[in-house]
1. So, Tyr64, is that one in contact with a Pro (Cβ under 8 Å, 6 or more places away or on another chain), part of a helix (DSSP H, G or I) and surrounded by 10 or more Cβ atoms within 10 Å (Cβ to Cβ) or not?
2. Of everything in segment 1-24, what is among the β-branched types (Val, Ile, Thr) and under 15 Å from the mean Cα position of the chain (by Cα)? Give them in sequence order.
Amino acid sequence: MTHFRHAARNFLTKLTVATIAFGVSIFIPRLMGSEHYGYYALLTVIIGFLIPLTSMGLGAGFIYLLANRR
């Protein structure tokens with residue numbers, strides 16, 4: 001029963017976040033205007049590309065190193 005509760009809570013949390021994100025995605029362009037929203041979109045894309053480059057597999061590397069320390 002606890003697995004079902006965790007799954008239901010996870011689903012409801014993701015649904016809530018998606019609903020809020022959808023509302024914000026409608027509100028932000030109206031608030032900013034088309035030119036400033038373009039800058040916002042460009043910044044979002046650049047950050048989206050930089051996030052995987054900054055990690056460069058460090059999480060997997062740490063797991064590998066810690067597992068080999070035994």
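1. Taking the combined requirement at face value, the residue does not satisfy it.
2. We begin by selecting, within segment 1-24, every residue among the β-branched types (Val, Ile, Thr); these are 2, 13, 16-17, 19-20, 24.
Residues satisfying the conditions are Thr13, Thr16, Val17, Thr19, Ile20, Val24.
One line per residue, one yes/no per condition, for (1) assigned to a helix (DSSP H, G or I); (2) of a type in the set (Asp, Glu); (3) surrounded by 10 or more Cβ atoms within 10 Å (Cβ to Cβ):
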site	(1), (2), (3)
Phe4	yes, no, no
Phe11	yes, no, yes
Thr19	yes, no, yes
Phe27	yes, no, yes
Glu35	yes, yes, no
Gly48	yes, no, no
Ile51	yes, no, no
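Bear in mind these aren't lab numbers, they're just calculated from the coordinates by the rules spelled out. Source: prediction; values computed, not measured. Here the Cβ is made from the backbone with ideal geometry for all residues, glycine too, and neighbour counts use every protein chain on show.
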